[in-house]
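Engineer: For reference, the structure I am asking about is given below.
No lab work stands behind these numbers, since they all come straight from the coordinates. Worth saying up front: this structure is predicted, and the values here are computed from it rather than measured. A quick note on method: Cβ atoms are made from the backbone with ideal geometry, for glycine too, and the neighbour counts reach across all protein chains shown.
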Amino acid sequence: MNYTLTQIPERTDKPRQSGLTMVMDKGLSLREVEDFLSTSAQHADIIKLGWATSYVTPNLKAKIAIYQDAGIPVYFGGTLFEAFVVRNQFDDYRRLLDEFNLSYAEVSDGSIDMLQDDKCEYIRQLATQVTVLSEVGSKDESKIIPPYKWIQLMKSELEAGAWKVIGEAREGGTVGLFRASGEVRQGLVEEILTQIPSEKILWEAPQKEQQVWFVKLLGANVNVGNIAPSEVIPLETIRLGLRGDTFTHFLDK
Amino acid sequence: MNYTLTQIPERTDKPRQSGLTMVMDKGLSLREVEDFLSTSAQHADIIKLGWATSYVTPNLKAKIAIYQDAGIPVYFGGTLFEAFVVRNQFDDYRRLLDEFNLSYAEVSDGSIDMLQDDKCEYIRQLATQVTVLSEVGSKDESKIIPPYKWIQLMKSELEAGAWKVIGEAREGGTVGLFRASGEVRQGLVEEILTQIPSEKILWEAPQKEQQVWFVKLLGANVNVGNIAPSEVIPLETIRLGLRGDTFTHFLDK
Amino acid sequence: MNYTLTQIPERTDKPRQSGLTMVMDKGLSLREVEDFLSTSAQHADIIKLGWATSYVTPNLKAKIAIYQDAGIPVYFGGTLFEAFVVRNQFDDYRRLLDEFNLSYAEVSDGSIDMLQDDKCEYIRQLATQVTVLSEVGSKDESKIIPPYKWIQLMKSELEAGAWKVIGEAREGGTVGLFRASGEVRQGLVEEILTQIPSEKILWEAPQKEQQVWFVKLLGANVNVGNIAPSEVIPLETIRLGLRGDTFTHFLDK
């Protein structure tokens, strides 16, 4: 840090198990990745190459190498996993992870219907190869999953071998954990937390108000994701009580 | 592409007559242009220097040259054409196109009142010098043009020599083809398409939901414009059925 | 300018006392700063390192030097001043300004309660060291300050030694001068202007519609702030009547 202030909450150190920031790259150039890392490498824990943007991104291997050389793992968005599965190309997907030297992968069913047993089987198989993040929640805003079901799904996916479970929000923050307006489904989050340890959940929270809400509920070291590269520094100030929204939250009363 | 997936719709090749992506540059630096081209040159067909941003953009000739050297034509936004016309400087405008080595130009009347005969005469004159895009629709959200009138205007402008007609939306996507909320004026679009061939129209569609709507209606190779540079890669995935929104659209049933 | 148009309003020259554009940097990399300056150095008058982003920004001294070498002063967002004050570290803050070679500072009370006499005393003390901008208005949207009170506060802060007073809006443009919808509190602005000279006020106006409103009310050379780096070129066109929104505003009738 550039100067000393009292009453700043303590942040976890890398490699973090809690306090993770997952960043969404939806098509940065190699130089933009370098720029991003020059400001935010310390605050970014894991990079998601959003949905299937990796299909059309030039210099993909070079990009992945830049992140990995900075000590930050990379994974393909869950929609790419689904694109392979729906085409009966799961074995191709497993080869792809090796070809691109990836040690993380996401299992999701946000865009397709999948039996929960099948999803857990994919998690089990991929967990023998990579670290698995599994995502719960639909990208379809008309599909409302009740809280008890979120809990069942999360439990079974963690038992199947997922490292963390992700609460779905999309790039915009308007489905899954959130209403179409972006407002948090507060009762849902609170009920999930009665059953699943907070550090096992990574909450997608692309909007500032969503990040503020989670930091106020769970502290500086909450796991959040789908953060735009340019919002990693602002998020870090929210975590530390150094933006208006959380300014008084960590101060001695 | 970085890997092989089945059931991906076929995209047209450059130079495209359909499936065009028109990108809006509203002030990128030279290095940002290079970054953009390193990821998106293959997917970007034509660059608009938004409205009259070219008036205050440094290194304008160098910027235009970078795009053109990548095989991507550049044109000044229609508002600049109107700024010259309203000041009785149309001859200056024609000289300007030559001075900046431009082979495309836009004719529009989004900010001023212009007789349709005069607009077509501008199109005819400019078409002897450059490839002309003409734009239909007002930037004033209180001016609602009925569908039959859109059709008349588009027909007469294509007959006057326009290569494509553009459906107005502004940078934000909230006028012309769209309601103030950004929602597509669906009946308007459908009625236009009964009379004007889809490949002759370039639909301004800056918002993701608008792009999704046009891809679902007209397929992977719809012409869309006013795309922000950072949204060209995401748009390409929408075209290919590789984002949640169009994920099942191109799959065999 | 790249070409000549008649009927363009005259802009003030640097160093400007009116017509100022204050830009918010919330975490740019050094190369992004260079990119920004290559397009916008001429149009940017002063840089705010947003709220306390400077706490977590790497290469902070190098960044400040790049801006200052381009002749553009830099200051820390008012929230950082408040973070030091609320921790009884005001003397540390004064040393910090010297350590980072800053000649501007902001005094604000957007996130904490502060007696107006105390705020003016901070202004007086800092004014012996640097040029002071003081900010009026709360970041809390539920705290509505009546117009006569805005005027009292602004007058007393200018008398205490503030160079300019800033009207609060946050990064988003949804508090202080604006309603939660972003709409200008028009009556408030007009009443303030009956008592405070326009050139002494810097209006935070991050949204395009807000910038348009102020340019229409106060002309090309209004002082506005919290402008995103990528919006400085677009703002300049709004000032000059070269974007649709102000297109006819400066034309001879």
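Engineer: Treating each Cα of segment A:26-104 as an identical point scatterer and ignoring solvent, apply the Debye formula and state log10 I(q)/I(0) at q = 0.15, 0.27 Å⁻¹.
Structural biologist: Normalising to I(0) and taking log10 leaves -0.51, -1.42.
Engineer: Averaged over B:47-59, how many beta carbons belonging to a partner chain fall within 10 Å of each residue's beta carbon? Write out the running numbers ahead of the final one.
Structural biologist: Values: counts 0, 0, 0, 4, 8, 11, 7, 6, 11, 16, 7, 9, 3.
Mean partner-chain Cβ count within 10 Å for B:47-59: 6.
Engineer: Same structure again: Using a Förster distance of 56 Å, how high is the FRET efficiency between C:Glu191 and B:His249, based on the Cβ-Cβ distance and rounded to 0.05? Spell out each step's value before the answer.
Structural biologist: Values: r = 54 Å, r/R0 = 0.97.
That gives a FRET efficiency of 0.55.
Engineer: Something else now. Under 5 Å between amide hydrogens, which residues at least 5 positions from C:Ile166 or on another chain qualify, with H placed 1.01 Å from N in the peptide plane?
Structural biologist: Amide H to amide H, under 5 Å and 5 or more residues apart or across chains, C:Ile166 pairs with C:Ser134, C:Glu135, C:Val136, C:Leu202.
Engineer: Separate question: Per-residue HN-Hα couplings for segment C:133-144, Karplus 6.51 cos²θ - 1.76 cosθ + 1.60 at θ = phi - 60°, whole Hz, x for Gly and Pro?
Structural biologist: Each residue of segment C:133-144 in turn: 9, 10, 10, 10, x, 8, 7, 8, 5, 7, 8, 9 Hz.
Engineer: Okay, moving on. Under the definition of partner shielding as Cβ atoms of other protein chains within 10 Å of a residue Cβ, what is the mean value for peptide B:32-40?
Structural biologist: Per residue, the number of nearby Cβ atoms from other chains is 5 on average.
Engineer: Work out the P(r) tail for segment A:75-166: percent of alpha carbon pairs separated by more than 15 Å, whole number.
Structural biologist: Counting pairs separated by more than 15 Å, the tail of P(r) holds 56 percent.
Engineer: Between segment C:99-165 and segment C:210-253, how many Å separate their Cα centres?
Structural biologist: 26
Engineer: Among chain B residues, which Cβ is nearest the axis of the B-onto-C rotation, and at how many Å?
Structural biologist: It is B:Arg31, 4, counting Cβ atoms only.
Engineer: Now, a different point. Of the listed pairs A:Lys139/C:Lys63; A:Lys139/C:Lys208; A:Lys14/C:Lys119; B:Lys155/B:Lys253; B:Lys208/C:Lys26, which have alpha-carbon separations greater than 29 Å here?
Structural biologist: On the way: A:Lys139/C:Lys63 40 Å; A:Lys139/C:Lys208 31 Å; A:Lys14/C:Lys119 40 Å; B:Lys155/B:Lys253 37 Å; B:Lys208/C:Lys26 25 Å.
Those over the limit are A:Lys139/C:Lys63; A:Lys139/C:Lys208; A:Lys14/C:Lys119; B:Lys155/B:Lys253.
Engineer: Something else about it: Considering the alpha-carbon set of chain B alone, what are its Rg and its Dmax in angstrom?
Structural biologist: For chain B, the Cα radius of gyration and maximum Cα-Cα distance read 17.7, 58 Å.
Engineer: Further question on the same structure: In Å, what Rg and Dmax follow from the Cα atoms of the protein assembly as shown?
Structural biologist: Values for the protein assembly as shown (Cα only, Rg and Dmax): 26.6, 75 Å.
Engineer: Using each residue's phi in segment A:83-93, evaluate 6.51 cos²θ - 1.76 cosθ + 1.60 at θ = phi - 60° and report the 3J(HN,Hα) Karplus result to the nearest Hz, with x for Gly and Pro.
Structural biologist: Those phi angles translate into 4, 6, 5, 5, 9, 6, 10, 4, 5, 4, 5 Hz.
Engineer: Here's a follow-up. Between copies, how close do the A:Gly71 label points come, placed 7 Å along Cα→Cβ, listed in nm from shortest?
Structural biologist: 4.2, 4.2
Engineer: Would you mind putting A:121-131, B:242-252 in packing order, based on average other-beta-carbon counts within 10 Å, highest first?
Structural biologist: Working: A:121-131: 17.0, B:242-252: 18.6.
Those peptides, ordered most packed to least, come out B:242-252, A:121-131.
Engineer: If contacts are Cα pairs under 8 angstrom and at least 6 residues apart, what is the relative contact order of chain C in percent?
Structural biologist: Averaging sequence separation for qualifying contacts and normalising by length gives 21 percent for chain C.
Engineer: Would you mind telling me the antiparallel percentage of the DSSP bridges in the protein assembly as shown, rounded to 5?
Structural biologist: 5
Engineer: Note down the nm distance, to one decimal, between modelled labels 7 Å out along Cα→Cβ at B:Asp13 and at B:Ile144.
Structural biologist: 4.6
Engineer: Any idea which of B:Leu242, B:Pro206, B:Trp163 is furthest toward the positive side of the dipole for chain B, if Lys and Arg beta-carbons carry +1 and Asp and Glu beta-carbons -1?
Structural biologist: Working it through, the farthest residue towards the positive pole turns out to be B:Leu242.
Engineer: Amide H neighbours of A:Glu106 under 5 Å, at least 5 residues apart or on other chains, H built in the peptide plane: list them.
Structural biologist: A:Phe76, A:Leu133
Engineer: Of all DSSP beta bridges located in chain C, what percent are antiparallel, nearest 5?
Structural biologist: So the antiparallel bridges amount to about 5 percent of the total.
Engineer: Taking a label point 7 Å from Cα toward Cβ, how far is C:Lys216 from its twins in the other copies, in nm, shortest first?
Structural biologist: 3.5, 3.5
Engineer: Per residue of segment C:20-36, what does 6.51 cos²θ - 1.76 cosθ + 1.60 with θ = phi - 60° give for ³J(HN,Hα)? Whole Hz please, x for Gly and Pro, Karplus curve as stated.
Structural biologist: 6, 10, 9, 10, 9, 9, 10, x, 4, 7, 4, 5, 5, 5, 4, 4, 4
Engineer: From the label point of C:Phe250, set 7 Å along Cα to the beta carbon, how far off in nm is each other copy's matching point, shortest first?
Structural biologist: The answer, with the shortest distance listed first, is 4.6, 4.6 nm.
Engineer: Take C:Ser103, project a point 7 Å from its Cα along the Cβ direction, then tell me which residues of segment C:147-191 have their backbone nitrogen under 20 Å from it.
Structural biologist: Only C:161-165 pass the distance filter.
Engineer: Check each of the GluC sites (Glu not before Pro) in segment A:133-182 and keep only those in coil by DSSP with at most 13 other C-beta atoms within 10 angstrom; list them in order.
Structural biologist: Those that pass, being in a loop and sparsely packed, are A:Glu141.
Engineer: Other chains near C:239-252: what is the mean number of their Cβ atoms within 10 Å of each residue's Cβ?
Structural biologist: Values: counts 1, 4, 2, 11, 12, 16, 5, 1, 10, 3, 0, 0, 4, 1.
Partner-chain Cβ atoms within 10 Å, mean over residues of C:239-252: 5.
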